[in-house]
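S.K.: Got a structure for you, written out below as structure tokens; questions coming shortly.
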Amino acid sequence: MRNEVVITGIGLRTPMGNSLQEARAVFAAGESVISTCAAPDGHLRAVARITEDYSSHFSRLDRSLIDPVAQLSILAAEAAVQDAQLDLACADKHRIGVFVGTGQGTTHTVTGASIALQEKDTIKTFTIARGLANGVANHISIRLGLKGEAQAIVLACASSNAAIGNACRLIRSGELDGALAGGSDATYLEHAYRGWEAMRMLAPLHSEGAARTCRPFAKDRSGLVLGEGAVVYMLESERHAKARGARIWARLAGYGASSDGTHLLQPDAQGQARAMANALRDAGLTPQDIQYLNAHGAASTLGDSTEVQAIRLAFGHHAQSLAVSSTKALHGHMLGATGAAELLAVIVALNDGLIAPTANLYDPDPEFDLDFVPLQARQGPPLRAAMSNNFAFGGSNACLVLTQ
């Protein structure tokens, strides 16, 4: 019999706020937190940014050693431990791991060093140490004194789902009692925006304002809006959680992954469908058991179309009665953290019965005939089982199934 894995703590630093309650309020209202920001050349962009100065939580020495992406992951991890009411002083720290996904990694440090070298022919003392991509996980271990396995997962947009899935596997195997798992990305850098713009992946600012810019599954969808943030979960074996009387937010019932193996930038419906099927099989569920699917839905022309095709392949006739929504129109695309952030919507649906809407879906693509929960959240009884998808450049696919 395998060790079942449950979520006992939730920590976040996102444009939606720093608590599940604040995120739930965004989902319930269906009102986007995407705002406007001016580029250096003066043109306006739609962005989803964290408004607080999170670096103020760290000393000057810490800031010289810890890149912003790791600062965010630390704050989210500490909040997850607090939410779980886990006393680390009494825990076996050798049996608690850390698994954090990131897409861009420590690009603040790497980019800053390159600019300083070119403009001033100088480089800071701790550039190499601060620029280590594994710091997004290792800094949590160091900060909290955790001795279990630590991994930084870099799989673009699938990073955090993969990190959570890898943690789940080690807890199930009995190698760990628990793990902090999730994702972090600090994307607000001019070179990042320019790079996405050069690929023509970013949506131009909508004439009616930033909040209307990201439009997943819409006929006139025009690309993604970059977000930033970190979301980290405290995962534990169910036995460990119950032994200490922990509150359980949800059960992590299944994880499925796959690689398209076809193209760096063009997604493959067959590969995505395999990941969904693998997650269902791992959870011991059928397609008909899933009541809600949080889609990747980044609002790209090809990406949304491919995902709809994949959903039909994975769920068959049940796809027509399945509630499907993308929350990226509400909080932006957090890249390596996006899966962990979107899992918040799944947890809300399982606990409160509130299904987050696909915002801005005034004119659905006529080629799509799924129930995208358009415009307004849907309230009902707490759900029993739900899935969350993340698909990435490179063809990496990672899906999670949560149950009550």
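The values are calculated or read from the model by the stated rules, or taken from the named source; none is laboratory data. The shown structure was predicted, so the numbers you read here are calculated from the model rather than taken from an experiment. Ideal geometry is used to build each Cβ from the backbone, glycine not excepted, and the neighbour counts take in all protein chains shown.
S.K.: Please work out if A341 is within 20 Å of the chain's Cα centre (by Cα) and surrounded by fewer than 24 Cβ atoms within 10 Å (Cβ to Cβ).
M.R.: no
S.K.: Taking D282 and the conditions (1) within 18 Å of the chain's Cα centre (by Cα); (2) surrounded by fewer than 24 Cβ atoms within 10 Å (Cβ to Cβ), which numbered condition does it fall short on, given that it satisfies the others?
M.R.: (1)
S.K.: With a cut-off of at least 3 residues that are in contact (Cβ under 8 Å) with a residue 12 or more places away in the chain and in the same structural domain as Y233 (by TED's automatic domain parsing), name the helices (runs of 4 or more DSSP H) lying wholly within the range 44-156.
M.R.: Because the criterion is at least 3 residues that are in contact (Cβ under 8 Å) with a residue 12 or more places away in the chain and in the same structural domain as Y233 (by TED's automatic domain parsing), the helices (runs of 4 or more DSSP H) in the range 44-156 that meet it are 68-84, 107-120, 127-130, 135-144.
S.K.: Report yes if R251 is over 24 Å from Q404 (Cα atoms), out of contact with any Gly (no Cβ under 6 Å at 6 or more places or on another chain), among the charged types (D, E, K, R) and not in a loop (DSSP other than H, G, I, E, B), otherwise no.
M.R.: It is false that R251 is over 24 Å from Q404 (Cα atoms), out of contact with any Gly (no Cβ under 6 Å at 6 or more places or on another chain), among the charged types (D, E, K, R) and not in a loop (DSSP other than H, G, I, E, B).
Yes/no per residue for (1) modelled with pLDDT under 95; (2) surrounded by fewer than 18 Cβ atoms within 10 Å (Cβ to Cβ); (3) at positive phi:
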{"site": "D62", "(1), (2), (3)": "no, yes, no"}
{"site": "V81", "(1), (2), (3)": "no, no, no"}
{"site": "L88", "(1), (2), (3)": "no, yes, no"}
{"site": "V100", "(1), (2), (3)": "no, no, no"}
{"site": "Q104", "(1), (2), (3)": "yes, no, no"}
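S.K.: Return only the number of the condition from (1) more than 27 Å from Q104 (Cβ to Cβ); (2) surrounded by fewer than 24 Cβ atoms within 10 Å (Cβ to Cβ); (3) outside the structural domain of G395 (by TED's automatic domain parsing) that A218 does not satisfy.
M.R.: (1)
S.K.: If I filter the range 6-43 down to residues being part of a strand (DSSP E or B) and more than 19 Å from the chain's Cα centre (by Cα), which single residue comes out as surrounded by the fewest Cβ atoms within 10 Å (Cβ to Cβ)? Before the answer, list the steps.
M.R.: Keep residues of the range 6-43 that are part of a strand (DSSP E or B), which gives 6-14, 17, 35-38.
Next, only the ones that are more than 19 Å from the chain's Cα centre (by Cα) stay: 35-38.
Values: S35: 18, T36: 13, C37: 14, A38: 9.
Going through the qualifying residues, I end up with A38.
S.K.: To continue, here is another question. So which pairs qualify, if the first residue must be in the range 247-271 and within 12 Å of S396 (Cβ to Cβ) and modelled with pLDDT of 95 or more, the second must be in a strand (DSSP E or B) and of a type in the set (D, E), the Cβ gap must be under 8 Å, and the two must be at least 6 apart or on different chains?
M.R.: Between residues of the range 247-271 that are within 12 Å of S396 (Cβ to Cβ) and modelled with pLDDT of 95 or more and residues that are in a strand (DSSP E or B) and of a type in the set (D, E), there is no close pair.
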